[in-house]
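Please read the structure below before turning to the comments.
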Amino acid sequence: MTLTAGALIGLLALVQDAKDLQPVILKFTQDYYKSGADLDDKISAVNYLGQYRHEKVVRVLSPLLCEATIPVRIMVARSFSRFCNIELASKELLNGLHAQANSGKKQMSVRIEILRALGDLKYKPAAASIARFVEDKEVWVAKAAIDASGKVKFAEAIAPLIKALQRIEGKEGDAEISVDPLDGVLEGVDAGSLFKRDPREPKRPSVREMLRDPILGSLRKLTGQSYTAAKDWDTWWQKNRSGFKRPD
């Protein structure tokens, strides 16, 4: 029987507890830190080690979430998004989200990827942090938090989501946004290698066009309701918040 590359990676992920990871970690260290290693070398090394889902791997890669170049931080977060049964990965992602090293405008893309990863992992201890980013001034960060809210499913996100919907229904929703979340953030790095580009090259959407459907989608997942206007959501929430129980 011949294993495909995907099947081999899956097998490696399953048997890692039964084997010594030291040779794997050593190879990563040699490839990542070798003299003359360029960005592609470093990303390749991260992707190689990231296929082994183990706490030891998290401990090796997690410092890079705050210390490496921005593209490498993004790839570490993306790798951790697949560590479903390794809680340490989720904890380190949350630490990375709170870190001062990832708080600036140039680190916006890192926050986006971390929020996406926390959503994919459905990490409930991150609920309050995700909720705070729902109204972030950076639209792509807000969208990542909105999407994560619908995946993690926690009641704390309902009020911020309604408030965000109210905001974009007004004049703030008319503003155009950057189509690419890396526009103006990275210099000398091909954004298309980190985020999928839309081959149709769409016009720049408004904030309202960008966020309205994701907000409504997350609200519906969280509440089981199907309102479309912020005022209707707010009326419903004011009546039901005290005894609210999230539907399964």
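What the table below lists for this structure:
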quantity: Lysines with Cα under 18 Å of residue 151, excluding same-chain neighbours fewer than 8 positions away; calculated: 91, 122, 124, 143, 221, 245
quantity: Cβ-defined net charge surrounding residue 32, 9 Å radius [Lys, Arg +1; Asp, Glu -1]; calculated: 0
quantity: Mean-position separation - Cα centroids, segment 209-248 and segment 123-158, in angstrom; calculated: 14
quantity: Set of lysines near residue 42 by C-alpha distance (under 19 Å), chain-local residues within fewer than 8 positions excluded; calculated: 27, 34, 56
quantity: Hypothetical label at residue 221: residues of segment 88-131 whose amide nitrogen lies under 14 Å (7 Å Cα-Cβ projection); calculated: 115-124, 127, 130-131
quantity: Cα→Cβ-extended label distance, 7 Å offset, between residue 106 and residue 22, nm; calculated: 3.9
quantity: Spin-label pair residue 155/residue 137, simplified geometry with 7 Å Cα→Cβ offset, distance in nm; calculated: 3.3
quantity: Extension gain, residue 40 back to residue 231 (0.36 nm per residue minus Cα-Cα distance, nm); calculated: 63.9 nm
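Read the figures in this text as sums done on the coordinates, not as results from a lab. No experiment lies behind these values; they were computed from the predicted model shown. Using ideal geometry, Cβ is built from the backbone for each residue, glycine included, and neighbour counts are taken over all protein chains shown.
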